[in-house]
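No value in this document is a laboratory result; all are computed from the given coordinates. Since the structure is predicted, the reported quantities are computational estimates derived from the model, not experimental observations. Don't worry about glycine lacking a Cβ; one is built from the backbone with ideal geometry, like all the others, and counts go over all protein chains shown.
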């Protein structure tokens, strides 16, 4: 919540409020970056509303339909799982929904890469990417360094004893940034 806003009659003892407070206190959440979508011209007003509904637990789903006596089943109408907000956003197994989720995920990652590439100092730190296609990157006006074209994470990013067969089959991050670190200077007299 922005410092200028008041909570009013919001339920501060509710789970959603407690989760966000925990994220802020332990430093996991950064208000400046986690809410940047609200002022972004790349995000439509409708999408902003959906995000806010998801974040506040008010995104309509079958659980709400049963609560409002508009349905008798909490099951997703498209797949045999319980329908809830997280299910709608990322868990539904229906093929068309899976494709939409993947597309939305790739676009979000590309937006992050675009923001990173705008900061000149971090642009050259991208060493690996596996998101989206090169055509999609061009559509987003992204210029990724040639070193990032590999869809396999570089060997030097793994511990020395990590086997190649495990490196090729292990889970890969969407993209890898390697930032320079300041060298320690030896100040012995």
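A straight chain from residue 179 to residue 51 at 0.36 nm per residue would run longer than the Cα-Cα distance by 43.0 nm. Per-peptide packing, taken as the mean over residues of other Cβ atoms within 10 Å, places 57-69, 40-52 in the sequence 57-69, 40-52 from highest down.
Once the Cβ-Cβ distance of residue 106 and residue 22 is raised to the sixth power relative to R0 = 45 Å, the FRET efficiency obtained is 0.95.
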